[in-house]
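Quick notes on the structure that follows.
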Amino acid sequence: MEMPRRNRLARKLAVVNQKGGVGKTTTAINLGTALAAVGRKVLLVDLDAQGNASTGLGIDRAKRDRTSYHLLVRASAVGATIVPSAIPNLDIIPASVELSGAELELVELNPPQRQLDEALRPVMPDYDFILIDCPPSLNLVTVNAMVAADAVLVPLQCEFFALEGLSQLLSTIDRVRRTLNPKLEVQGIVLTMFDRRNRLSEQVADDVRAHLGAKVYDTIIPRNVRVSEAPSHGRPALLYDHRCAGSQAYIQLAGEMLRRERQRTAA
Ligand SMILES: Nc1ncnc2c1ncn2[C@@H]1O[C@H](COP(=O)(O)OP(=O)(O)O)[C@@H](O)[C@H]1O
Ligand SMILES: [Mg+2]
């Protein structure tokens with residue numbers, strides 16, 4: 001059920017971590033689905049040339065002729081790149097392999113860091129949330145996401161090296177804030193792939209909270225086999241098995257995010 005919302009203006013969140021395999025795409029897909037399920041209009045922008053978010057939402061290759069690549073470097077109109085997903089309220093701008101060469105083309109554009117921000121402007125009133133799924137790198141494509149975004153959502157995998165690389169990520173966020181996007185904040189840190197049977201997971205979670213405090217979401221995403229199976233069926237975990245622990249955690253994460261957003265706008 002869609003609530004009538006006046007003055008809708010998308011809140012843009014970049015899902016960023018320069019490490020691969022930490023749960024960025026899984027978080028973008030399932031958080032996006034959970035937000036859509038409670039009536040928010042969501043656009044997911046797939047900025048990874050691998051196109052995992054596009055595949056995970058079951059968008060076939062045939063529907064990927066105008067993609068985030070064309071949006072970023074070919075000045076395609078944003079409307080021509082948006083594809084509805086099978087989930088009501090959830091649209092996606094898919095990615096294609098051409099994006100892997102976009103870096104070199106971006107540097108020739110002016111300004112290279114603002115292409116995504118400018119490209120998304122026309123659809124800002126159409127969505128409540130725009131989630132930008134970033135590649136595993138702090139390259140110019142990711143910088144475009146950080147310049148377009150209001151805030152960054154960082155998935156951290158509960159493993160020994162979780163905090164490694166985080167200081168580089170935080171200093172990149174700082175630099176973008178100082179030079180290109182003063183409004184950029186860290187929206188939150190999400191602990192992913194938590195394994196209850198592994199004492200290390202527990203310890204990593206404690207460490208991360210000790211370092212990053214209130215930025216860390218209370219909700220922890222457990223390691224869950226249903227979550228990892230879902231993409232091969234072209235469906236979010238929330239549709240593949242909405243009762244599994246992973247899906248339930250993403251529903252909880254969406255609730256916690258909406259509470260945080262309400263507190264932010266009230267403040
Ligand atoms: N909570 C989870 N439980 C089990 N497997 C997961 C979970 N989250 C992600 N995965 C799996 O781990 C791999 C990496 O996740 P992904 O979201 O693609 O990371 P990234 O986008 O950061 O590279 C994928 O195969 C995904 O299905
Ligand atoms: Mg990914």
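Observations on the structure shown:
- Lone qualifier among 83, 38, 42, 16 - being among the hydrophobic types (A, V, I, L, M, F, W, C), crowded, with 24+ Cβ neighbours inside 10 Å and closer than 24 Å to residue 241 by Cα: 42
- Only residues that are in contact (Cβ under 8 Å) with a residue 12 or more places away in the chain and of a type in the set (Val, Ile, Thr) were counted in the stretch 238-267, giving 1.
- Wholly within the stretch 153-267, helices (runs of 4 or more DSSP H) carrying at least 2 residues that are β-branched (Val, Ile, Thr): 166-179, 199-212, 225-229, 245-266
- Helices (runs of 4 or more DSSP H) wholly inside the stretch 1-88 that include at least 2 residues being away from ligand 2 (no atom under 16 Å from the Cβ): 24-37, 68-73, 78-81
- Restricting attention to the stretch 143-192, the residues that are out of contact with any Lys or Arg (no Cβ under 7 Å at 6 or more places or on another chain), over 12 Å from residue 15 (Cβ atoms) and of a type in the set (Gly, Ala, Ser) add up to 3.
- Positions within the stretch 106-128 being part of a helix (DSSP H, G or I), over 17 Å from the mean Cα position of the chain (by Cα) and surrounded by fewer than 17 Cβ atoms within 10 Å (Cβ to Cβ), in sequence order: 118, 121, 122, 125, 126
- Pairs, first hydrophobic (A, V, I, L, M, F, W, C) in the stretch 61-73, second assigned to a loop (DSSP other than H, G, I, E, B), C-beta under 7 Å, six or more apart: 73/109
- Of the residues making up the stretch 207-242, just one is on the phi > 0 side of the Ramachandran plot and within 16 Å of ligand 2 (Cβ to nearest atom), namely 234.
- Qualifying residue in the stretch 186-205 (condition: without any contact (Cβ under 8 Å) to a residue 12 or more places away in the chain and within 29 Å of residue 36 (Cα to Cα)): no
No lab work stands behind these numbers, since they all come straight from the coordinates. These numbers were taken from a predicted model, which means no experiment stands behind them. Note that we place each Cβ from the backbone using ideal geometry, even for glycine, and neighbour counts take in every protein chain shown.
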